[in-house]
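Asks: Please read through the structure below; I'll follow up with questions.
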Amino acid sequence: MKGKTTIVHKMLIALVCGLAVGIGCLFLREYLLSNGGEGTWKLINGLLFQDITRPEGVRSLGLFYIIGQVFMNGLQLAIVPLVLVSISLAMCSISEAAKLGRIAIRSLIGFLGFYAVGCLIAGAIAYGARGMGWFTVVLPGGEVTKTAQIAPYNPLGVIVDAIPNNIINVMGVNTRILAVVVVAVILGICMNKLGEKAHVLKSVLEGLSDVINMWLTFLLNRVGPFAIFCMISRTFAVYGVEYLKPAAAYMGTAIFTLFLVLLTVYPIGILLLTGLNPFKFIKKMAKVGVFGFAMNSSAATLPINMRTNLDELGCSEEITSFVLPLGMTINMNGTSIMHMVAVTFIATSAGIPITPATLVIMAVLTICAAAGTPAIPVAGTTMIFTVMAGLGFTTEACLVGYALVVAINRPVEMSLLTLNVIGDAAVNVIVNAKEGELNRDVYNS
């Protein structure tokens, strides 16, 4: 337990130090650029923060970029095999078809329930902020509209994408995780039915699972805190401030709403549905939230989320191996909350009236869009346009407002990932408790 606590402290220290260094560099950059220090900032940026894969980074060292990118690549290396192996073995170990059905139904009900409550709270807060005039802003010039040129996407396309026509293709990318989940479920159920005939394949998958866990343990314990510091520092050091003032109300409203839901809805849900102490849950999930905030990717946070659920929350391996990968794929509650606030802000800034009926339609669209959002960085911001298109908010003024949100949405994206990953764990704890497979002694330890 002492070692685990040490890792939590290291991550928290890395987060705080990264924020301090990053915000300090942000102000340093603005000072230097305003006082003829372009050369000094160029040197600092080249040594620490520059993306070395871009043409302008050919002669740069980009130390913080390299450390963060290597760590992210190491995590993403394990995502597809981890999802495939964990869900397949979970399906294989659940001997009763009725139990499998119960777990799936309870998981989906849990995700949809938190979606609905989150959208209700976000819609109410966004509508109130609009009514108080907080979202009435002067939009920046039209030169930023080029960032808004994104092809519309039908949220129902997620149904078609979930069934792959080529198993090699979906295993070769990290953006088709839902399809990987479907393949893993099919594989696991077939192994279950075959019984001893699938013993060799099951042994191979169990060995692969051990290898993946060993790699992730090393990566998270030894490299994780340093990578978090570098990624947080770099994010704020290279962050643009030119559009922060006109969109401060949106950012403040979105981040406040996200953390309000995080600190109220999930703990209350656990208390009412399981009778467990919700403060134990929040305390043990703190490091996962910090990790999600830094990584800005549900997929990258999956390994540490699974370890915490198994080792510290007392969840069973077979249920956790099904619920968490499924949640990583379809449970983007933080994304839907961000969509509610962002679209209300964009419409208001563009002079389009918002009514309660509009918010209901917006909630339905954003739940569909969020469920189909890939578990990768900035995907949620991109999907804002899907909700806008569904509501018909595609005027030139709306595109300018959307471009403004894209330009300043990084802190909001980081905050909503914390909500997404902790929401996955909350549903997992509830499903485990309802199935009678939660080790309450471990949870309360």
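Asks: Given the options Val265, Val211, Val288, state which has the largest fluctuation in a GNM of the chain using a 10 Å cut-off (strictly under) for Cα springs.
Replies: Val211
Asks: May I ask for the angle, rounded to the nearest 10°, between helix 298-311 and the longest principal axis of the chain, with both axes built from Cα atoms and the value confined to 0 to 90°?
Replies: Approximately 40 degrees, to the nearest ten.
Asks: Sticking with this one: Taking only Cα atoms, what is the 0 to 90° angle, nearest 10, from helix 410-434's long axis to the longest principal axis of the chain?
Replies: For helix 410-434, the angle is close to 20 degrees.
Asks: Given +1 on the Cβ of Lys and Arg, -1 on the Cβ of Asp and Glu, and no further charges, what dipole in debye does the chain carry about its Cα centre, rounded to the nearest 20? Don't jump to the answer; show the numbers that get you there.
Replies: Values: 27 positive and 21 negative charges, 105 e Å.
Computed charge dipole of the chain: roughly 500 debye.
Asks: Residues of the stretch 210-364: accessible area per residue at 1.4 Å, in Å²?
Replies: For the stretch 210-364, the per-residue accessible area is 33 Å².
Asks: Let me ask something additional. If I ignore ligands, DNA and RNA and count only protein heavy atoms, how much of Asp441 is accessible to a 1.4 Å probe, in Å² to the nearest 10?
Replies: Approximately 130 Å² for this residue.
Asks: When the chain is modelled as a GNM with alpha-carbon springs shorter than 10 Å, which of Val182, Val70, Val431 fluctuates the most?
Replies: Among Val182, Val70, Val431, the largest GNM mean-square fluctuation belongs to Val70.
Asks: Now for a separate question. Which of these values of volume of the Cα convex hull per residue in Å³ was calculated from the structure shown: [x] 170; [y] 149; [z] 138?
Replies: [y]
Asks: Here is a further query. What does the charge add up to near Asn277, with Lys and Arg as +1, Asp and Glu as -1, over the other residues with Cβ less than 15 Å from its Cβ?
Replies: Working: positive: Lys280, Lys283, Lys284, Arg440; negative: Glu312, Asp441.
Taking every other residue near Asn277 into account, the sum is +2.
Asks: Of the residues Ile103, Ile337, Ile52, which exhibits the maximal mean-square fluctuation in a Gaussian network model of the chain defined by a 10 Å Cα contact cut-off?
Replies: In this elastic network of the chain, the residue with the biggest mean-square fluctuation among Ile103, Ile337, Ile52 is Ile52.
Asks: Still on this structure, I have one more. Among the GluC sites (Glu not before Pro) in the stretch 286-330, which ones are in a DSSP loop with at most 16 other Cβ atoms within 10 Å of the Cβ? Mind listing them? Intermediate values should be presented prior to the final figure.
Replies: Details: sites: Glu312, Glu317, Glu318; in loops: Glu312.
Here no GluC sites (Glu not before Pro) fit, given the DSSP loop and packing criteria.
Asks: Largest first, how would Lys197, Lys99, Lys202 line up by accessible area (1.4 Å probe)? Working shown, then result.
Replies: Numbers: Lys197 175, Lys99 30, Lys202 70 Å².
Result of the area sort, largest leading: Lys197, Lys202, Lys99.
Asks: Let me ask something else about it. On the full set of protein chains, 1.4 Å probe, figure out the accessible area of Leu399 and give it in Å² to the nearest 10.
Replies: Leu399 has an accessible surface of roughly 20 Å² with all protein chains in place.
Asks: Give me the distance in nm between label points sitting 7 Å out from Cα along the Cα-to-Cβ direction at Met171 and Phe218, one decimal.
Replies: Rounded to a tenth, the inter-label distance reads 2.3 nm.
Asks: What residue among Phe236, Asn277, Leu108 has its Cα farthest toward the positive end of the dipole of the chain, where the charges are +1 on Lys, Arg and -1 on Asp, Glu, each on the Cβ?
Replies: Farthest towards the positive pole: Asn277.
Asks: Can you sort Glu413, Glu437 by solvent-accessible area, 1.4 Å probe, largest first? Working shown, then result.
Replies: Numbers: Glu413 5, Glu437 55 Å².
Sorted descending by solvent-accessible area, the residues read Glu437, Glu413.
Asks: Between beta-carbons, use under 14 Å as the cut-off and find the net charge around Cys25, counting Lys and Arg +1, Asp and Glu -1. If you can, show how the numbers build up before the last one.
Replies: Working: positive: Arg29, Lys42, Arg234; negative: Glu30.
Here the count lands on +2.
Asks: Let me have the 222 nm mean residue ellipticity of the chain computed from DSSP H runs of 4+ only, each contributing -39500 (n - 2.57), with the sum over all residues rounded to the nearest 500.
Replies: Values: 20 runs with 328 residues, N = 445.
Result for the chain: -24500 deg cm²/dmol, rounded to the nearest 500.
Asks: Counting only protein heavy atoms and a 1.4 Å probe, tell me what percentage of the stretch 180-318's accessible area is made up of carbon and sulfur.
Replies: Details: 4220 of 6010 Å².
Looking at the stretch 180-318 in its full context, I get 70 percent from C and S.
Asks: Determine the sum of side-chain charges near Ile66: Lys and Arg each +1, Asp and Glu each -1, restricted to other residues whose C-beta is under 15 angstrom from that of Ile66. Kindly include the intermediate steps, with their values, before the conclusion.
Replies: Working: positive: Arg54, Arg59, Arg234; negative: Asp51.
Local net charge: +2.
Asks: Another question, then. Hey, rough spin-label estimate for Ala248 and Ala286, points 7 angstrom out along Cα→Cβ, what's it come to in nanometres?
Replies: Between Ala248 and Ala286, the simple spin-label model gives 3.0 nm.
Asks: Hey, another quick one. Hey, got the dipole for the stretch 269-355? About the Cα centre, +1 on K and R Cβ, -1 on D and E Cβ, debye to the nearest 20? Each step should come with its number before you reach the end.
Replies: Values: 5 positive and 4 negative charges, 52 e Å.
Once rounded to the nearest 20, the dipole reads 260 debye.
The values are calculated or read from the model by the stated rules, or taken from the named source; none is laboratory data. Everything numeric in this text was worked out from a predicted model, so none of it was measured. Because the Cβ atoms are built from the backbone with ideal geometry, glycine has one as well, and the counts that use them run over all protein chains shown. The protein model used for the area step is the full one, side chains on, heavy atoms only, and it has no ligands, DNA or RNA in it. Shrake-Rupley method; radii C 1.70, N 1.55, O 1.52, S 1.80 Å.
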